[in-house]
Amino acid sequence: MAGRLKVQFGLFAIFVFQVVLNCLPGSALRAAWLRLVGNTVGANVGLHRWLRLTWPSRMVIGDNSTINFGVFIDSRGGVGIGANTMIGHRCSIYTATHDLDSGAFETVKRPVQIGSNVVVFPHSLIMPGATIDDGAVILPGSVVAGKVEANQIFGGVPAKYIRDRNPAQHYKLDYTFWFPNS
């Protein structure tokens with residue numbers, strides 16, 4: 001009984017965290033809230049509304065990155081997002097799954113690493129253990145389950161190599177509005 005109560009309290013705490021996170025106006029306050037609970041969040045990070053996190057304290061987000069409206073991040077296994085990276089609307093990033101061959105259906109956690117100057121277009125799905133190197137692009141609706149090399153464009157289900165991207169990226173993202181997607 002005590003174990004079940006502990007789980008319920010933990011779920012309630014995450015629910016409260018989500019409500020507070022999404023009621024805060026503007027990216028700066030949301031970033032401060034994420035820092036307060038133990039994440040590393042760089043300068044000038046854009047955090048749009050309806051961000052959903054399953055575990056609020058295992059993320060590193062680099063400077064000038066943007067996480068758009070409705071993104072889901074399961075950070076139980078750890079998530080690293082580099083600088084100047086854009087995560088598109090309604091993307092999902094998973095770091096935990098289940099061992100399908102286990103009789104107990106045990107949870108397996110593997111970190112996700114997304115490099116700098118990466119663009120992950122809307123509705124993409126990043127699976128546990130995926131690595132997306134610097135400068136890569138993930139096209140809309142793709143499912144990434146492995147490694148994407150630097151400056152490559154991947155797309156599809158499952159995501160496959162499309163072509164190389166021009167490696168000369170000099171942009172600096174700035175989507176830190178007070179009321180993004182209002």
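Overview of values
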item	result
Residue match in region 73-81 (condition: touching a residue at least 40 places away in the same chain (Cβ under 8 Å) and under 13 Å from Val120 (Cβ atoms))	no
Matching residues in region 62-110 - criterion: being farther than 17 Å from Gly46 by Cβ, outside any strand (DSSP E or B), over 11 Å from the mean Cα position of the chain (by Cα) and not basic (Lys, Arg)	Gly77, Asp99, Leu100, Asp101, Ser102, Gly103, Ala104, Phe105, Glu106
Single unsatisfied condition, Pro56 versus (1) under 16 Å from Leu173 (Cβ atoms); (2) in a loop (DSSP other than H, G, I, E, B); (3) not aliphatic (A, V, I, L, M)	(1)
Residues satisfying the stated conditions in region 38-61, i.e. over 18 Å from Val118 (Cα atoms) and within 12 Å of the chain's Cα centre (by Cα)	Leu51, Arg52, Leu53, Thr54, Trp55, Pro56, Arg58
Filtered residues of region 105-124 (kept if under 17 Å from Gly77 (Cβ atoms) and among the hydroxyl-bearing types (Ser, Thr, Tyr))	Thr107
Of all residues making up region 35-53, the number that are assigned to a strand (DSSP E or B) and modelled with pLDDT under 95	4
Verdict on Phe121 being in contact with a Gly (Cβ under 9 Å, 6 or more places away or on another chain), surrounded by 16 or more Cβ atoms within 10 Å (Cβ to Cβ) and of a type in the set (Phe, Trp, Tyr)	yes
Filter result for the condition that a residue is more than 17 Å from Phe72 (Cβ to Cβ), in a helix (DSSP H, G or I) and touching a residue at least 24 places away in the same chain (Cβ under 8 Å), over Ala28, Ala13, Ala32	Ala28
Which listed residue, of Ala130, Ala150, Ala96, Ala145, is surrounded by 20 or more Cβ atoms within 10 Å (Cβ to Cβ) and in contact (Cβ under 8 Å) with a residue 12 or more places away in the chain	Ala130
Any hit, region 14-31, residues being in contact with a helix residue (DSSP H, G or I) (Cβ under 7 Å, 6 or more places away or on another chain), more than 22 Å from Val137 (Cβ to Cβ) and modelled with pLDDT of 85 or more	yes
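The values are calculated or read from the model by the stated rules, or taken from the named source; none is laboratory data. All figures in this text were calculated on a predicted structure; none of them were measured in a lab. Ideal geometry is used to build each Cβ from the backbone, glycine not excepted, and the neighbour counts take in all protein chains shown.
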